[in-house]
Structures are given as structure tokens and as C-alpha cells.
Amino acid sequence: MANTSNGKPPVVDIETWQAERDELLVREKAHTHEGDAIAAARRRLPMVEFDGTVEVVGPDGPVPFIDLFQGREELLTYRHMWWDGAPHQGQCEGCTNAAWHLKDTEYLNACGVSFAVVTGGAWDEVEPFVAFMGYTQPWYSVRGVEGPAGSTMGHLTSYLRDGDRVFMTYSTTGRGNEAFSGTFALLDMTPYGRREAWQDVPEGWPEGNHACWYWRTDAEGNPTWGPAGRPAPQWTRPTATPETTLGRNGEMN
């Protein structure tokens, strides 16, 4: 087969492409079936009961954790990291990206599952951040809450309600959180993938970026680790407060 040193896949006829595609499909189907088996094992995990009356803080003040179920039997939460006193653009880059991906949960709700974002930040700081980002899902502060209701930073957690009893059934973190960041799965279907440095790519292909490419950008859209950036969606979203210096001279507005 032709080499890929020009940074692009080799060019072949449709019959050759189909043969290789069919070969890969066998692996994809095996991967899907293994995913189904893992999900079945996940459903069989034991669960941990905790106090569903422990209070968290939302837009209406303190409420019991069980209220997050909104009357449904199941609940998913994402625990958003928080930096006390940081400006909006200085909050956790990865969590900001994750929470942005799930702005509509109608299909979860139709299956009897509610969703909420929880964070360890104080509500008086969290509330304006949620407005700045334009998030539409419910947010709550779990500051000071211990155990399964509080979870730990950057976790996606599943809960089950049985009347007034509340249980934690599953929790994951790291790349396990990719389940609701659909961008990653779609990028994995493209020739250059996520364009991240860790990827296995042929020699001579474009060099990968560090993970920060999807965390923050400067005003010109360039990825940046530093404080002179803001969450990527905020540069172009019409209702976001305009920033004229952030990302150019390092000032934090």
C-alpha cells in the first residue's frame, strides 16, 4: 500500500477501500459487543445508600439532594471542579468543556433520568459563572457535602431513588467522562482524529497538540494553558460579554 509520509491517507480504488473497511468493521463490532458486556456488568454493580436529605444549594437556596431527581427514579450528575476566587475564564478547562456538551437532556428525561451539575464552589460564585457560560442544565453547590452526594472532582456519577431512599450506583472519572462529550467520538472518526500528542498516527502526519486545544483559547482561537484565555465557546457566542484584551496582553477581565 502507498505510504502516508505526505500526512494523508493513501489513495486507493473503492474495492481496496471496501476490503479494508470490512476488516476494520469486524474489530468495531467486537468493540461494540464488549462495550455491551461491560454495560451489563455495570448494571449489576452493588449500590451504596446515603442520606438523601443532605442539603445542597441551588438557585432557590438549600434543597435536599433527593430533589435533584426531579421526581424521577434515576439521576446522573457531573462534578465540576472549582477554583475559589477565580474569574469565569479561569475555572476548570476540562470541566467547562464537558458541561458545555450536555445542554439538552430531553432524551435522558424521557427514559426517567434527570441530570444536574454539582460543584464544590460557593453558590454566590457559581451562579454568575453559570449565567456567563450559558448553561441550561440545573447546577448546585455541594460545598462541604461529604460522601456519595458530594463525590469528588471531575466525576460522572449515577444514582437510583427508591421512594425516599437514595443510592449511588456508579461513578467514573478521567476518560470515563468522555461518554457525554460527543465531540471526541466524532473526531475519532476523522482522518486526523483529536490531533492530540498521545495519538498513534503514521509517521509524517501532523504533530498532535496538547490537550489544552479544547480547554481554552485566546482571542484569535489559539489554544493556551495560561490565564489569558477563556472557555472556547465564549469567544463566539453572541450573548457572551465581549472581551477585547483577554488573550492578547495577558490581562484578566
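Every number in this text was worked out from the coordinates using simple rules, so none of it is lab data. None of the values given here were measured: they were computed from a predicted structure. All Cβ positions, glycine included, derive from the backbone under ideal geometry; neighbour counts span all protein chains shown.
Tell me the net charge near CYS111. Cut-off is 13 Å between Cβ atoms, CYS111 excluded, with +1 for each Lys or Arg and -1 for each Asp or Glu.
Numbers: positive: ARG72; negative: GLU73, GLU74, GLU106.
Overall, the nearby charge balance is -2.
Note down the nm distance, to one decimal, between modelled labels 7 Å out along Cα→Cβ at GLU73 and at MET153.
Those two pseudo-labels are separated by 3.6 nm.
Taking Rh as the Kirkwood radius, which is the inverse of the mean 1/r over Cα pairs, what is the Rg/Rh value for segment 1-154? Mind showing how you got there, number by number?
Details: Rg = 21.8 Å, Rh = 18.9 Å.
Answer for segment 1-154: 1.15.
Explain nothing, just compute: Karplus ³J(HN,Hα) = 6.51 cos²θ - 1.76 cosθ + 1.60, θ = phi - 60°, for every residue of segment 65-71 in order, whole Hz, x for Gly and Pro.
3, 4, 5, 5, 5, 6, x
For segment 48-179, calculate the relative contact order in percent as a whole number, restricting contacts to Cα pairs under 8 Å that are 6 or more residues apart. Show your work: numbers first, answer last.
Working: 249 pairs, mean separation 44.8, N = 132.
Reported as a whole number, the value is 34 percent.
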